[in-house]
Amino acid sequence: MTGEEIKMMIESGIPEAEAYVDGDGSHFVAQVVSDSFVNCPMIKQHKMVYATLGDSMESAIHALSIQTYTREAWEKARKLKVM
């Protein structure tokens, strides 16, 4: 599985999401930006991302680090370069 495939799965599964995915073929880091995360606890945000990946989490993806942001939080992080 490629980072681009993971990106497409996340973006197609979460409304108006932008995903930035990097990895080596089995270990990945995903930064996901969506206002669907507003007022959701982090665990629910991460479950939303995992849900978009379906069975891939059990087979093609060995490890996935997830960072979720609302659009407002993303803009703040970009200004502070905390991403």
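Scan region 10-30 for residues that are buried (at least 18 other Cβ atoms within 10 Å of the Cβ) and either of a type in the set (Phe, Trp, Tyr) or within 19 Å of Glu58 (Cβ to Cβ) (or both) and jot them down.
Result: Ile10, Val21, Gly23, Phe28, Ala30.
Just to be sure I understand, how many residues within region 37-83 are over 18 Å from Val21 (Cβ atoms) and hydroxyl-bearing (Ser, Thr, Tyr)?
Of the residues in that region, 1 qualify.
I'd like the full set of residues that are more than 16 Å from Met8 (Cβ to Cβ) and surrounded by 12 or more Cβ atoms within 10 Å (Cβ to Cβ), limited to region 49-64.
His62
Under 6 Å between Cβ atoms, at least 6 apart or on separate chains: pull out the pairs that start in region 60-74 with a residue that is over 13 Å from Ser26 (Cβ atoms) and end on any residue that is among the small types (Gly, Ala, Ser).
From residues that are over 13 Å from Ser26 (Cβ atoms), the pairs are Ile66/Ala30.
Restricting the search to region 65-78, which residues are surrounded by 18 or more Cβ atoms within 10 Å (Cβ to Cβ) and more than 11 Å from the chain's Cα centre (by Cα)?
Trp74, the sole residue that qualifies.
List the pairs whose first member sits in region 32-57 and is farther than 13 Å from Thr70 by Cβ, whose second member is among the charged types (D, E, K, R), and whose Cβ atoms are under 9 Å apart, counting only residues at least 6 apart or on separate chains?
Thr52/Glu11; Ser56/Glu5
Since every read-out is calculated from the coordinates, none of them should be taken as a lab result. All of these numbers come straight from a predicted model, not from anything done at the bench. Every residue, glycine among them, receives a Cβ derived from its backbone with ideal geometry; neighbour counts consider all protein chains shown.
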